[in-house]
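Read the structure below first, then the notes.
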Amino acid sequence: MRTSTRLPATLVAVATLAAGVTTAMAGNASAATSGRTSTTVSAALGCVVVGANAKPPRPEASAIEAYTAKMTLGGAPHSTIDAGLKACFGLTPLSGTPVAQIRPNDSSRNYVNMPTPSVYWSSSYNDNVVTGNWNWTSYSGMNTQDHSDGFALGASNSIRVMSQTAGWYGNNFGEKTSNSSDGGGNLGRGFGFDNAVIIGVPNDSFAHYGFETLVFDRSGFGCANVFFTPHYSHGWSGTTLNGVSISVSSSGPVITANYSNTSEQWQAYGADSSSYNIC
């Protein structure tokens with residue numbers, strides 16, 4: 001992880017949040033640790049490494065997201081984040097099969113970068129975790145009247161969500177907590193938020209970066225191949241996000257943000273994850 005002695009306010013807020021997560025992780029790990037085993041704070045990984053004979057904490061969406069956001073906003077490469085999730089949370093990246101889908105798009109999609117979601121597995125609890133994130137690449141599609149945006153992760157097959165969270169960050173302001181939308185029940189979750197540019201603060205938005213994390217399994221559904229698709233929706237002044245619906249088709253998740261003023265919004269998909277055999 002690259003560090004600096006002069007962190008922006010956003011990173012300070014994220015680091016403070018993650019420090020609380022680290023403390024909680026240490027407590028959880030210590031409770032499961034034998035007398036000869038201890039936890040170690042890793043500066044390189046930015047988290048508490050679980051001892052060799054200790055059981056890692058059960059996956060919880062908010063703790064995983066706090067860590068992922070802290071490391072991503074601090075400039076850590078994906079490989080370092082994966083290493084931290086494994087050493088400190090007991091999460092192993094799943095190996096899957098690439099999928100190639102054709103998604104409807106919009107020219108405004110170029111304002112937002114939505115990387116492929118990542119999926120992990122906890123061998124200690126047989127839980128699965130999917131993480132998605134996005135960031136605005138340009139402020140030209142934003143203004144002080146922008147409101148009612150949304151982000152969602154849709155699944156191509158049924159999942160049972162055990163915990164969920166989403167948050168977003170500006171360059172100069174800390175994390176905002178989102179409200180969960182209706183999503184698709186057993187097909188993922190959507191979250192709504194406000195991304196207006198902050199008045200008086202140049203080049204900053206309420207939602208320049210965003211993260212979503214779901215802890216899930218397929219309890220009651222059996223085993224199946226599942227992949228995940230991120231979706232972003234943007235509304236201008238006069239729009240109200242009423243909810244996010246998720247369904248499936250032959251090409252995978254179909255995600256739609258439902259607005260009260262459909263003429264003042266655009267929606268776009270990001271890159272699909274690989275397809276994983278989930279039980």
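What the table shows:
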| read-out | value |
| --- | --- |
| Count - residues of segment 55-65 that are surrounded by fewer than 21 Cβ atoms within 10 Å (Cβ to Cβ) and within 19 Å of ALA166 (Cβ to Cβ) | 1 |
| In segment 71-100, the residues that are open to solvent by 20 Å² or more (accessible area, probe 1.4 Å) and touching a Phe, Trp or Tyr at 6+ places or on another chain (Cβ under 7 Å) | LEU73, THR92, PRO93, LEU94, GLY96, VAL99 |
| Set ALA24, ALA13, ALA18: member being modelled with pLDDT under 95, part of a helix (DSSP H, G or I) and in contact with a Gly (Cβ under 6 Å, 6 or more places away or on another chain) | ALA13 |
| Selection status of THR68, modelled with pLDDT of 95 or more, under 24 Å from VAL130 (Cα atoms) and buried (at least 21 other Cβ atoms within 10 Å of the Cβ) | yes |
| Selection count, segment 69-97, where residues are in contact with a Cys (Cβ under 9 Å, 6 or more places away or on another chain) and of a type in the set (Gly, Ala, Ser) | 2 |
| Residue that is surrounded by 21 or more Cβ atoms within 10 Å (Cβ to Cβ), touching an Asp or Glu at 6+ places or on another chain (Cβ under 8 Å), closer than 24 Å to ARG58 by Cα and at pLDDT 80 or above, where the choices are GLY190, GLY235 | GLY190 |
| Every residue from segment 259-279 that is of a type in the set (S, T, N, Q), open to solvent by less than 50 Å² (accessible area, probe 1.4 Å), closer than 22 Å to TRP136 by Cα and not in a loop (DSSP other than H, G, I, E, B) | GLN265, GLN267 |
| Failed item, numbered, when THR256 is tested on (1) in contact with a helix residue (DSSP H, G or I) (Cβ under 8 Å, 6 or more places away or on another chain); (2) in a strand (DSSP E or B); (3) hydroxyl-bearing (Ser, Thr, Tyr) | (1) |
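So that you can scan it fast, the table gives a plain yes or no per residue for (1) in contact with a strand residue (DSSP E or B) (Cβ under 9 Å, 6 or more places away or on another chain); (2) under 18 Å from VAL254 (Cβ atoms); (3) not in a loop (DSSP other than H, G, I, E, B):
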position: GLY192; (1), (2), (3): yes, no, yes
position: GLY200; (1), (2), (3): no, no, no
position: PHE216; (1), (2), (3): yes, no, yes
position: PHE221; (1), (2), (3): yes, no, no
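Listed here are the residues, each with its yes/no results for (1) at pLDDT 95 or above; (2) touching a helix residue (DSSP H, G or I) at 6+ places or on another chain (Cβ under 7 Å); (3) over 30 Å from ALA257 (Cα atoms).
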| site | (1), (2), (3) |
| --- | --- |
| LEU45 | yes, yes, yes |
| ASN53 | no, no, yes |
| GLU60 | yes, no, no |
| PRO77 | yes, no, yes |
| ALA83 | yes, no, yes |
| CYS88 | yes, yes, yes |
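The values are calculated or read from the model by the stated rules, or taken from the named source; none is laboratory data. Since the model is a prediction, treat every value here as computed from it, not as a measurement. All Cβ positions, glycine included, derive from the backbone under ideal geometry; neighbour counts span all protein chains shown. Just so you know, the surface numbers come from the protein's heavy atoms only, side chains and all, with ligands and any DNA or RNA stripped out. Shrake-Rupley method; radii C 1.70, N 1.55, O 1.52, S 1.80 Å.
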